[in-house]
Structure formats: structure tokens, C-alpha cells
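Read-outs: derived from the displayed coordinates by stated rules, not from any lab. These numbers were taken from a predicted model, which means no experiment stands behind them. Virtual Cβ from ideal backbone geometry, glycine too; neighbours counted across all protein chains shown.
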Amino acid sequence: MQTNLKITVSEEDDNTQVISFDGEFDKAGHSEISSDLDKAVKEFNGTSLVFDFTRLKFINSEGIGYLMEIHTHLLKKDKKFVIVGLNSHVKDVFDTIGISEIIPVHKTLDDFLKK
């Protein structure tokens, strides 16, 4: 069976953790990674959690709803949640529904790290 979505968790530095997504963030993809992703978010104790969507092909409303849950969770803990590497399709979705106005979005991980 082919997986729809994979994640890779890495530490950029002591304060920044990066979760890279590869595939489609839809119902099937979310169910494949939900336990690993939930664990990574709950165990995160740095200051900035970055979702790298460079290899994310698609996101639907379920994926966006999950992003908002994470945003709220991290906001309550005074943590920063950032998204980098949107392709044109995902960027259009984010712009249309206003996610980019709620969650900071940067072109690349390097762009975020330089700020």
C-alpha cells in the first residue's frame, strides 16, 4: 500500500524544530501520520515549530483544521508556529482562506532562520 503522507522531524537548533511533509495532507494522509505528528507537537519544547511544506503536494480542509489546532495549542504555550515552502497550489489555498494572515509563512526555511 502506498502512503499518502510522510513526515520527518529534525532539530534545526536548540530552539527550532522542523517537521517536513512529503505527500498529500488529506484525510488518508493525516490518519497515516497523526500519532507521530501529535507526539512531535506535544513533545516540542523549543520556541519555534516549523512545518516545511516544500514537498507537500496538496492540503484539504481537514489538514487546515489540524494546522489551526496546532496553532492554538502552541499559542497557549507562547510558542511560535511557522510554515515554510508552499507550492503555488497550497499557497493559493492559504491566501484564499486567510491562513497566511494567522500563521506566519516564509518562502524557505533559510528565510525564516535569517529573521
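Some observations on this one:
- The residue list 75, 37 contains one member that is surrounded by 14 or more Cβ atoms within 10 Å (Cβ to Cβ), among the hydrophobic types (A, V, I, L, M, F, W, C) and not in a strand (DSSP E or B), which is 37.
- When restricted to residues that are assigned to a helix (DSSP H, G or I) and on the phi > 0 side of the Ramachandran plot, the range 10-34 contains 0.
- Taking the range 78-87 as the range and being outside any strand (DSSP E or B) and over 15 Å from residue 7 (Cα atoms) as the test, the residues that pass are 78, 79, 86, 87.
- Residues satisfying the stated conditions in the range 40-72, i.e. assigned to a helix (DSSP H, G or I) and not β-branched (Val, Ile, Thr): 40, 42, 43, 61, 62, 63, 65, 66, 67, 68, 69, 71
- The number of residues in the range 5-22 being farther than 16 Å from residue 66 by Cα, of a type outside the set (D, E, K, R) and either surrounded by 15 or more Cβ atoms within 10 Å (Cβ to Cβ) or in contact (Cβ under 8 Å) with a residue 12 or more places away in the chain (or both) comes to 6.
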